[in-house]
Ligand code: ADP
């Protein structure tokens, strides 16, 4: 059987036009932040956005959006919870009795949950679904990619990492799955001094452009280290973040409509 034969259908009541996965080499580089900012950018373009928080053991999407609603279900399926800005979210955090409970499951159970997020939830009229993937390029993200038919992948890196190794792994995974890579986003790229406006590359010089060129990929954005950004995410206010660090990424994603 070809790999693509493994893709599973979404719920029969779902209507999802494009699905984009956001991946990273490890946790803590800002994959969820990028998923959130990309979703907000597309919503600001008038698109109906869904976010599947497939980072089951480290779900952070609901908190970022200040979403605490409960998942409702019928016999046909369950419904995502909608944020103040109209983005539909499904996350393990919305299903746990206490959002601080740890999720200690192993790979196969986690993969099973992601499958349920895909076919037991009714995703209505979604132009763009962003999948906040489990970190890394191991078994769990691979199973997610086999389950869900993706239109593209965005790779998030940070300057502290061995970027070329991570990109190479992601590129190989994408090739095996026959999914196009839309490009790279570098998070925590630099710090902009609030007093003098000068940019400081405090983790050293960024290698993202070189690495992108090496693999023929686009750099879709560079996000600065910004304590206010973290504070807004912690306060559940990502939908009111000013500015758009990811306008190139959003433009590239909009091309999927053509
Ligand atoms: P991941 O999804 O890769 O595990 P997160 O997006 O959850 O990473 O980010 C990890 C933490 O770092 C969060 O507390 C987030 O608010 C913070 N953070 C991420 N990117 C930035 C940034 N550019 N500036 C400031 N804080 C950031």
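Beta carbons closer than 7 Å, at least 6 apart along the sequence or on distinct chains, pair a first residue in the range 223-238 that is at positive phi with a second that is in a loop (DSSP other than H, G, I, E, B) and more than 9 Å from the ligand (Cβ to nearest atom) for 236/66.
Within the range 205-213, one or more residues are at pLDDT 95 or above and over 24 Å from residue 35 (Cβ atoms). Could you list, in sequence order, the residues of the range 111-133 that are closer than 11 Å to residue 52 by Cα and either within 16 Å of the ligand (Cβ to nearest atom) or within 16 Å of the chain's Cα centre (by Cα) (or both)? Once the filter is applied, which keeps residues that are closer than 11 Å to residue 52 by Cα and either within 16 Å of the ligand (Cβ to nearest atom) or within 16 Å of the chain's Cα centre (by Cα) (or both), the range 111-133 yields 114, 117, 118, 128, 129, 130, 131, 132, 133.
Which fully enclosed strands (runs of 3 or more DSSP E) of the range 21-81 have 2 or more residues being out of contact with any helix residue (DSSP H, G or I) (no Cβ under 6 Å at 6 or more places or on another chain) and surrounded by fewer than 24 Cβ atoms within 10 Å (Cβ to Cβ)?
72-74, 77-79
Screening 210, 242 for residues that are surrounded by fewer than 19 Cβ atoms within 10 Å (Cβ to Cβ) and within 27 Å of residue 44 (Cα to Cα) leaves exactly one candidate, 242. How many residues are in a helix (DSSP H, G or I), away from the ligand (no atom under 15 Å from the Cβ) and closer than 15 Å to residue 167 by Cα if we restrict to the range 206-249? Number satisfying all stated conditions: 6.
The values are calculated or read from the model by the stated rules, or taken from the named source; none is laboratory data. As the structure is a prediction and not an experimental result, all values here were calculated from the model. Counting neighbours? That spans all protein chains shown, and the Cβs are built from the backbone with ideal geometry, glycine included.
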